[in-house]
Structures are given as C-alpha cells and as structure tokens.
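Right, one structure below, let's go through it.
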Amino acid sequence: METTREETAINIAVINKVSKQVATACKLKSNDLLDEALSSGADIPALASSIIAYIKEDRDPILYKQLMHLANTDPIRKYIRTQSGYRKAGEVKEIADAVDQLDKFGNDLYYREGNGEYENLLPFFSNEEAQGLLQRAVDAGLLKDDYQPRESTARFQLKLIAICMMEIMEYQHGSKWCYFEQLWKKDVARRSIPLTKGMAINRVAVLYPEINLWGLILPKHNQLALKTDLTEEQARKLFKGLVHYGYLGPRTPVENFLSIMGIGEYPFHTVNWIGTGMNSLVYCVKRICGHKNSDLLKRMCDCFTVNGQPLNHGTLKTKSSYVDRNVDKFDFVPLLDKIIASVKKK
C-alpha cells in the first residue's frame, strides 16, 4: 500500500521526535534516557526510506525542508563510540544513519529545486530568525544584499556576527562554525578578535542587543589555566604539531589552546584531546608543564576533555602513575617527544 502525504508528514514528525530524544540522551550520557527514547519501537530506517520514496514523487518544500532540521547526529555518534557495550548501540547508530540520509536528501532537493524566499542562503540559514539576524548586518553595511561580506568588513567582525547569531539561536559554537564559513567562504573560527579595535567590535555589538557581546569576548581570568614557560610563538607551534599529528581536532581554535596555556588575553575554553586517549594527554602535558604546576592534574581536569568526555581527577591520578611506570611501552612517546623538541628548538 502506498504511503500518503499525511502519513509521510507523521513519519517525519516521529523521526524528528525520536532523533532529538536520542540526541538529548547522548548529550546527557544517559543509557536510561536512551532506552526511554527507543521505547516507541519505531523502525526509523524503514520510515526514512518511506519518506524519501514519497518525496521523490511529491517534491513539496513543506515536506523536504523539515528534513534539514532534524537532530544533530554529532553527539549521538560521539557518545555511542564510547558505549560499545550498550546493548542497543546498533539501533542508535541506525537512527543516526537514517537522520543523516534524510538530511542529505533534503539538502540535495533544496539546491535542485531552489531556495525561494531564502535566496543566497544555505539551508542552515533558511529560516526567518537566521535571515533576520543576517539582515541586520546587511542594513548596517557589514554584509552585501546577498549576505556576502563587504570588502571593508574585517574577518574578525564576521566572527563576531557568527558568535552573536549562535548565542541568540542557542547553537553550540563548536559544531556550527562550518555553516558560516561555507556561507562566507572564509575561515572565521580561527580568527582572533583584537580587543583594541573597540569601535569595530561595537559596530557589531549594537546590532545584537539581546546578548552581551563584550561579556562573551573579554578575557576571563581562570586560576586553573596551566602555567607554562612557553612563549606564544612556541605555544602556537606546539598547537600546530598536535593538530598535524591528530592529537587535537583540525577545527580546534588556536585561541582555545592558548587560553588553557595561560597565554594571551583570550576567553578561557576547554580543549578536546582526540589522540590515543588519556595516556598520551598525561604524558604530553607533564612534559610541557609538569615542572611549573604543583596541582597539574587538577588544572588538566579544567583545561581538557578526552574524546568529548570530561576528566576525573582520581582516574587521571591513576593514569599518571601508570604512564610514569610504563613510559617505554607507549608508541606515542617518540612522536610527542619529537613535537615538543621541535617547539623548544632554538
């Protein structure tokens, strides 16, 4: 029996609800909430196939635009990678795969069919709120009518516009920079904000009075930043090496790394270590900062996460002792020694 338009709309609503419940459970790292989210028994992959089959025949924007606003699967995939023993891990992965399939299908249709009233905007910005926020920058002369930057607009001002929009729309910064960079075809996430450019910053701040932009970008003194004798140039070189060899993610802002090293006037942000786990992090930080920090492990708990997971001081203490006793057994030691040596080389 063929699926009707009404059934397709209901199926989209079901996937939207279940996927967002699953994403929330993963963000909270709760298998109990995951069980509850999966209790409906909905066959999400089958529903996704049915939705795609129907919309291929009825290309109604009212339907396919909804597919671009389902759950963000990043936290789902990140959490499930750490829960290989969870009995329903396979089912959760199938939901993430189905949501990503629907998202791609919706985006592909969006571009083929045209974006109507949201011309010149990516799907992510194709809604009244995002368009309105961008239009403020157009009216202020920072963006052109097609939402592209004017030649006179500094790249750090684009970053400020993005920060304001993400705060107002309540999006987590880490996973959304890519949309702004796709829209403007410029790297803005890594751009530092020169606090001496007060007038240029204020030109953006006054456009978005809903938030306190200055409060977001002014440096916040954090007593638990690591103490180091590295210069900013050396710290930047260390950061580059850690990114190059896969210990830090390629989208990690260098300002975040400098902030945890206590270097420069940057807002404090934790840094996510994605290398070979906690052992390599412990070894690297002790080699760089151990002699300067009597409470090193406590500071590390404030400064780092590992593969998205917060650090526990007790666990870190155990790992530190283990690494000290077995340093000759780890494959990462020669590589980290090489990176650190190159940083300190005169």
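The values are calculated or read from the model by the stated rules, or taken from the named source; none is laboratory data. Here the structure is a predicted model, which means the values were calculated and not measured. All Cβ positions, even for glycine, are placed from backbone atoms using ideal geometry, and neighbour counts span all protein chains on display. Remember, those area values only see protein heavy atoms, side chains included, never the ligands or the DNA or RNA. Shrake-Rupley method; radii C 1.70, N 1.55, O 1.52, S 1.80 Å.
At q = 0.30 Å⁻¹, what is the base-10 log of I(q)/I(0) for segment 249-301 according to the Debye formula with one equal point scatterer per Cα and no solvent? Please give it to two decimals.
For segment 249-301 at q = 0.30 Å⁻¹, log10 I(q)/I(0) is -1.31.
If you stretched the chain out fully between ASP74 and GLU94, how much longer would it get, using 0.36 nm times the residue separation minus the C-alpha to C-alpha distance?
Difference between extended and current length: 5.8 nm.
For segment 230-346, list log₁₀ I(q)/I(0) at each q in 0.16, 0.23 Å⁻¹, using the Debye formula over Cα point scatterers of equal strength and ignoring solvent, two decimals each.
Treating every Cα as an identical point scatterer, log10 I(q)/I(0) equals -0.72, -1.64.
Could you give the C-alpha radius of gyration of segment 116-189 expressed as a fraction of 2.2 N^0.38 Å, taking N as the number of residues it contains?
Against the compact-globule rule of thumb, the ratio is 0.99.
With a Förster radius of 22 Å, plug the Cβ-Cβ distance of GLU170 and LYS227 into 1/(1 + (r/R0)^6) and report the FRET value to the nearest 0.05.
With R0 = 22 Å, the Cβ-Cβ based efficiency is 0.05.
Per residue and in Å³, how big is the convex hull formed by the alpha-carbon atoms of segment 1-65?
82
Order 312-319, 324-331, 83-90 from most to least packed using the mean count of other Cβ atoms within 10 Å.
312-319, 83-90, 324-331
Please pull out the direction-averaged projected area of segment 158-268, using the convex hull of its alpha-carbon atoms, in nm² to one decimal place.
About 7.7 nm², averaged over all directions.
Calculate the length of the line joining the C-alpha centroid of segment 41-66 to that of segment 277-295, in whole Å.
50
Could you check the simple spin-label distance between SER152 and ARG325, using points 7 Å along Cα→Cβ, in nm with one decimal?
6.7
Based on alpha-carbon positions alone, could you give the equivalent ellipsoid semi-axes of segment 297-346 from the gyration tensor, as √(5λ), descending, whole Å?
Result for segment 297-346: semi-axes of 23, 16, 10 Å.
Given R₀ = 51 Å, FRET efficiency for SER342-ILE62 by Cβ-Cβ distance, to 0.05?
Here the calculated transfer efficiency is 0.35.
How much of the accessible area of segment 260-336, probe 1.4 Å, is carbon plus sulfur, in whole percent?
50
Among (i) 1.07; (ii) 1.19; (iii) 1.14, which one is Cα Rg over 2.2 N^0.38 Å computed from these coordinates?
(iii)
Taking only protein heavy atoms and a 1.4 Å probe, what accessible area per residue, in Å², does the chain have with all protein chains in place?
52
By what distance, in whole Å, do the Cα atoms of segment 74-166 stretch along each of the three principal axes, largest value first?
Over segment 74-166, Cα extents along the principal axes are 54, 32, 20 Å.
Expressed in nm², what is the orientationally averaged projection area of the convex hull enclosing the Cα positions of segment 1-121?
Taking the Cα atoms of segment 1-121, their convex hull projects to 7.9 nm² on average.
Excluding residues fewer than 8 places away in the same chain, name every one of the lysines whose C-alpha is closer than 23 Å to that of LYS227.
LYS237, LYS240, LYS286, LYS292, LYS298, LYS317, LYS319, LYS338, LYS344, LYS345, LYS346
Send over the per residue convex hull volume for segment 193-251, Cα only, as a whole number of Å³.
146
For the chain, set up a Gaussian network in which alpha carbons nearer than 10 Å are linked by springs, and say which option among PRO209, PRO61, PRO75 fluctuates the most.
So, out of PRO209, PRO61, PRO75, the one fluctuating most is PRO209.
Provide the packing ranking of 238-247, 197-206, i.e. peptides ordered by the mean count of other C-beta atoms within 10 Å per residue, highest first.
Packing order, densest peptide first, comes out as 238-247, 197-206.
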